[in-house]
Amino acid sequence: MKKQFIDSFAEGHAIQDIFIVTEKTISHKKDGEPFIQVRLTDRTGSIRGVIWDNVTTITTNFDQGDYVKIQARVTTFRDTLQLTVFSVNRVLIEQVDPGDFIPKTSRDRTQMFQQLKIQSQSIKNPYLLSVLQKFWEDPIFVKKFCIAPAAKKMHHAYLGGLLEHTLSVSLLVDRLIQCHYRGIDRELLLTGAMLHDIGKVDEFEYTKMIDYTDEGRLLNHIVIGVRMLDEKIASIPNFPDNIAQLLRHLIISHHGIREYGSPEPPKTLEAVILHYLDDLDSKIMGIRDYLEKSDETSKWTPYFYPMERPFYKENSTKTFE
């Protein structure tokens, strides 16, 4: 039974337990000698590890994606905890409890999905409502949609994360439109919010660890999502071309710029709003997760590389609702 979890690590701790290797890279020191960098994961998080000695022997003991038992010590590098690893040995999947290794949402997935369905029923446009119902009534899609992560690392990177993120963005749409902006096509924007990340159900694999599928690496969730949308639209008689185009644009443009993966930038008010709400929810949840996992005794987090800054914690709480 696994006893040592990453969220309880502190500098100087001796570690002897089982983890999943989610990344493995062989690099070289300045003198040309090899060393191994790994990322080790359990359900509470992940941590970088470095293997300096016996590299030739140890590298044959495991591959990326393996469960491994390690001996290591917790050290600090650039104000961030990491592991100096001394030994690594592969462990058979039959010897582990998968629930110890894949993080999952703390929220009730059935309840979140029902909330999303209830919100979608407020849509009066028959075509927009029909396309949502085509997804909600597809048991294969729903099963994957309710368990898939929203990302590998940055935000909602856990089972149920995609559903949680989708519901959050959809609720933000209504709160923004009802309280502030007028003249926005609320039903089109809400449908886009619910469908903008559907391609992630096939972009990621999440049976043993969260990683990209071959399809995800080759196409990405935007291309996959547009294809999925078109398949549903094709099954709805006389679906208007202009609505189909606007829905495709919401999916295609939600990353904002080409450098971040969008084939086209947002070119409608609804697409601009969806991009910023998606980006806002992603960043806030990524920062919150980092704040919760950082040292409670410090006023500042370590440097947060995805956003290129540390974060001040003096006025933050450790429990977010």
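What the table below lists for this structure:
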| read-out | value |
| --- | --- |
| Any hit, segment 78-86, residues being out of contact with any Lys or Arg (no Cβ under 8 Å at 6 or more places or on another chain) and over 21 Å from Lys153 (Cα atoms) | yes |
| Residue that is surrounded by the most Cβ atoms within 10 Å (Cβ to Cβ), among those in segment 184-219 that are farther than 22 Å from Lys144 by Cβ and either touching a residue at least 60 places away in the same chain (Cβ under 8 Å) or in the same structural domain as Asp42 (by TED's automatic domain parsing) (or both) | Leu189 |
| Subset of segment 95-127 (residues that are within 30 Å of Ile18 (Cβ to Cβ) and part of a loop (DSSP other than H, G, I, E, B)) | Val96, Asp97, Phe101, Ile102, Pro103, Thr105, Ser106, Arg107, Asp108 |
| Per-region count, segment 293-321, residues modelled with pLDDT of 80 or more and surrounded by 15 or more Cβ atoms within 10 Å (Cβ to Cβ) | 6 |
| Residues (touching a residue at least 40 places away in the same chain (Cβ under 8 Å), part of a helix (DSSP H, G or I) and under 25 Å from the mean Cα position of the chain (by Cα)) located in segment 233-272 | Leu247, Leu250, Ile251, Glu270, Ala271 |
| Failed criterion for Asp241 (all others in (1) surrounded by 16 or more Cβ atoms within 10 Å (Cβ to Cβ); (2) among the charged types (D, E, K, R); (3) at pLDDT 95 or above hold) | (1) |
| Where Asp197 falls short, out of the listed (1) in contact with a helix residue (DSSP H, G or I) (Cβ under 7 Å, 6 or more places away or on another chain); (2) part of a helix (DSSP H, G or I); (3) under 21 Å from Glu137 (Cα atoms) | (2) |
| Residue identified as of a type in the set (Phe, Trp, Tyr), surrounded by 17 or more Cβ atoms within 10 Å (Cβ to Cβ) and either in contact with a Leu (Cβ under 7 Å, 6 or more places away or on another chain) or within 16 Å of Met285 (Cβ to Cβ) (or both) among Tyr158, Tyr67 | Tyr158 |
| Members of segment 139-154 found to be surrounded by fewer than 22 Cβ atoms within 10 Å (Cβ to Cβ) and either touching a residue at least 60 places away in the same chain (Cβ under 8 Å) or in contact with a Ser or Thr (Cβ under 9 Å, 6 or more places away or on another chain) (or both), listed by number | Phe141, Cys146, Ala151, Lys152, Lys153, Met154 |
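The values are calculated or read from the model by the stated rules, or taken from the named source; none is laboratory data. All values reported here derive from a predicted model rather than from experimental measurement. Every residue, glycine among them, receives a Cβ derived from its backbone with ideal geometry; neighbour counts consider all protein chains shown.
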